[in-house]
Amino acid sequence: MLRIRRLEERCAQLYGEQKIRGFLHLYIGEEAVAAGVMPSLRPQDNVVATYREHGHALARGVPAGAIMAEMFGKREGCSGGRGGSMHLFDRATRFYGGNAIVGGGLTLAAGLALADVQLQREGCVTACFFGEGAVAEGAFHESLNLAALWRLPVLFVCENNLYAMGTALCARRPRPTLCAKAAAYGMATARRSTAWTCSPCTQAAHAAVAQVREQRAPLFLELHTYRFRAHSMFDAELYRDKREIEGWKQHGPIHTFTGRLKEAGMMDEADFAQMDREAMQEVDEAVAFAEAGTWERAECLLDDVVAR
Ligand SMILES: Cc1ncc(C[n+]2csc(CCOP(=O)(O)OP(=O)(O)O)c2C)c(N)n1
Ligand SMILES: [Mg+2]
């Protein structure tokens, strides 16, 4: 969680310096979800995420330098500098993006899982992370329907941060019962409304991944979270009260979890400071790697562009 937090705080700073351009959606406040779920996955599993995916990529094992270079648009980036913040992609860790389209990742996840079934890649799971806003998309219903019908091994992880851009969940749904949508397709569901720190996420994910792997059927897991920052860097945040954000920060995943570890005698200030130094060093090295990276030459711009 700390590695993700420090990486993204630096991204925000670099955005101000115009080193990172275009869209930038930060995951600050939500780190418990990616950090909690990812350890339950194996290297042969697939991961699909959204445009708010820097934390997922890092937790999955994509090197911080390759992530930062991608943000800078450098050739050494994990998508060759072509994708930017919203399109991190890394074949080695089976990290299949990063997707700017709300709900777009769900269809990819169903396809990846179908490929695993057809190629008889036994016991593989596809973890698909998406925001609760995606539940309103047709792609959500098509993907869940096919996943349930064909028993595709997908863990659908709904990151319920209560907002889709400037619209609160309660302002767009008469009944905020997201699991019922998945249950309507006959899919198993689980939900953690106290997913602020990574241990409830870890426990829920551990059980959910095991179930998908063993039963070879999809599962919908809803984890409640909250984003502390604006939707993206272009958002005046007129739709929520600053006091609401401050209230949620009291339950921030990093300090809540650190507090519990300290209470249990499993960590002290010096341990935390050491971890923090390591996280900062990793970020410093990632930025240096990105700065030293190379720009794509203009004559190569049509490489890999396919028209049929
Ligand atoms: C198909 C589509 N419709 C609309 C948008 C514009 N849009 C970008 S993010 C977003 C809100 C999504 O909210 P949610 O799924 O809850 O994810 P969060 O940003 O909260 O992580 C919308 C409507 C889009 N990118 N794609
Ligand atoms: Mg949301």
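None of the figures in this text is laboratory data; all of them are computed from the coordinates on show. Owing to the predicted nature of the structure, the values given are computational and were not obtained by experimental measurement. Note that we place each Cβ from the backbone using ideal geometry, even for glycine, and neighbour counts take in every protein chain shown.
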Seminar exercise, completed: Neighbour-count ranking for 276, 45, 304 (other C-beta within 10 angstrom, fewest to most) reads 304, 276, 45
Exercise. Which order results if 295, 150 are arranged by neighbouring Cβ count within 10 Å, fewest first?
Worked result: 295, 150
Exercise. Quick one: 179, 124, 201, fewest Cβ neighbours within 10 Å first, how do they rank?
Worked result: 179, 124, 201
Problem set entry | Separation of alpha-carbon centers, region 278-299 and region 219-245, rounded to whole Å | 29
Problem set entry | Packing-based order for 206-219, 225-238, using average beta carbon neighbours within 10 Å, highest first | 206-219, 225-238
Exercise. Which aspartates and glutamates have a Cα lying under 14 Å from the Cα of residue 181, excluding residues fewer than 8 positions away in the same chain?
Worked result: 132, 137, 142, 222
Seminar exercise, completed: Of the DSSP H helices in the chain, the ones reaching 24 Å or more along their long axis in Cα terms and averaging at least 1.0 in Kyte-Doolittle hydropathy are none
Exercise. Under 19 Å from the Cα of residue 19, which lysines turn up, not counting those fewer than eight places away in the same chain?
Worked result: 74
Exercise. Given Cα pairs under 8 Å that are at least 6 residues apart, what percent is the relative contact order of the chain?
Worked result: 23
For this session: Compare the peptides 190-200, 47-57 by average per-residue count of other Cβ atoms within 10 angstrom and give them in order, highest first.
Result: 47-57, 190-200
Exercise. Near residue 249, which lysines are there with a Cα under 26 Å away, not counting those fewer than 8 places off in the same chain?
Worked result: 262
For this session: Note down the net charge around residue 220, summing +1 for each Lys or Arg and -1 for each Asp or Glu among other residues with Cβ under 15 Å from its Cβ.
Result: -1
